[in-house]
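A.B. asks: The structure under discussion is supplied below as structure tokens; questions concerning it will follow.
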């Protein structure tokens, strides 16, 4: 792995494409239907996605500062191990292993299968599993092939998103879900608004993707902040416009509770045949998202395997220094989630845990500042305002989630508790070795 990192590094375009590909996945094409169960006002939806953009940008600024100071791959696992404690770092890595990447991969695969269901008669789960396995195979080759595949699929994704947004804003359905009343002032106070925000934070969750492969990026002091911040801004603008397009081109009844939002709206905009073509296009976008997560996730697993004996078996690499067993392990977890969980359960549960550990990582930026890290690294503008805002919103989400979604919250706490157990098992193995 070290040889691969030193010998073949990627540039700004590849790093940014990783961020964009991680962010634009199943969330934006599926979550609106679940949000409309609790809130209907268009202003409420725009506020939700704008808050998500602000939160993601605040996080990107924080991660850029931390990442350029602690120049190693691994994301939250590496950051929190260095800034907080080995236990906190391990738990963030544990969450990355169990849901952080595996769950979004599973969700994207399920969504892809739902969008292409009109073209096949196989079960959604079977198509989802086969898709994950095919993309995994590509990631077992070389970093150069992975980067080319990622740039290509991400480029297609951006072009298709622009097409949907431009034609969607131009097209108009007389019967639609737009609702511009002042009722948003009441809706944003509903507990359901905070729960709906969980879906938004999940959709934005890939903003930190480049931080997981810092060692594989050329000139990280410059390119890591540009990739994180630039990718986040680009996707944020697209997300807000895309949700307006969705509301503008379908009725509330058609959208509420549905997973295949993009397919429903595209049929209205482009007609039946055009809608089918867009469904294929969205499937390609989801392939790009899965590829990005299959790329980034195993770097956390590999890092943990280097540090903890319990996971040492996942440290194996192939002749191209690709972490083969880490990739296969993550793929196995994704397939397990597809078999055992529903789409909405996985989405909410995953979003809750990712938001929690992102908040702790941003809190770590205060520790970093106190240590007076090198002046040549990136410094977050307006510090500490973005960091304080991120932490406050994270706490707000956490409290409302525990109140409104007690079952999923319990699953999350059990997951964290299991991580604590495995941490001490690993320490015991190391001690007795």
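The values are calculated or read from the model by the stated rules, or taken from the named source; none is laboratory data. Remember, it's a predicted structure, so these values are computed and weren't measured experimentally. In this analysis, Cβ positions are derived from the backbone assuming ideal geometry, glycine residues included, and neighbour counts consider all displayed protein chains.
A.B. asks: Hey, could you check the range 110-126 for residues that are over 17 Å from residue 274 (Cβ atoms) and buried (at least 21 other Cβ atoms within 10 Å of the Cβ) and say which is modelled with the lowest pLDDT?
C.D. replies: 114
A.B. asks: What's the number of the only condition in (1) within 18 Å of residue 364 (Cα to Cα); (2) at pLDDT 90 or above; (3) buried (at least 24 other Cβ atoms within 10 Å of the Cβ) that residue 75 fails to meet?
C.D. replies: It fails just one condition, (2).
A.B. asks: Taking the range 400-417 only, how many residues are in a helix (DSSP H, G or I), in contact (Cβ under 8 Å) with a residue 12 or more places away in the chain and more than 20 Å from the chain's Cα centre (by Cα)?
C.D. replies: Residues in the range 400-417 being in a helix (DSSP H, G or I), in contact (Cβ under 8 Å) with a residue 12 or more places away in the chain and more than 20 Å from the chain's Cα centre (by Cα): 3 in total.
A.B. asks: For the range 157-168, does any single residue satisfy the condition of being surrounded by 16 or more Cβ atoms within 10 Å (Cβ to Cβ), at pLDDT below 85 and outside any helix (DSSP H, G or I)?
C.D. replies: no
A.B. asks: Run residue 21 past the list (1) modelled with pLDDT of 85 or more; (2) crowded, with 21+ Cβ neighbours inside 10 Å; (3) part of a helix (DSSP H, G or I) and report the number of the one that doesn't hold.
C.D. replies: Only one criterion is unmet by residue 21, namely (1).
A.B. asks: Determine which member of the set 420, 407 is surrounded by fewer than 17 Cβ atoms within 10 Å (Cβ to Cβ) and at pLDDT below 85.
C.D. replies: Every option except 407 fails the conditions.
A.B. asks: Within the range 335-355, can one find any residue that is crowded, with 18+ Cβ neighbours inside 10 Å and modelled with pLDDT of 90 or more?
C.D. replies: yes
For every residue, the table says whether it meets (1) farther than 22 Å from residue 27 by Cα; (2) crowded, with 21+ Cβ neighbours inside 10 Å; (3) in contact (Cβ under 8 Å) with a residue 24 or more places away in the chain.
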site: 251; (1), (2), (3): no, no, yes
site: 265; (1), (2), (3): no, yes, yes
site: 269; (1), (2), (3): no, yes, yes
site: 273; (1), (2), (3): yes, no, no
site: 284; (1), (2), (3): no, no, yes
site: 289; (1), (2), (3): no, yes, yes
site: 296; (1), (2), (3): no, yes, yes
site: 310; (1), (2), (3): yes, no, yes
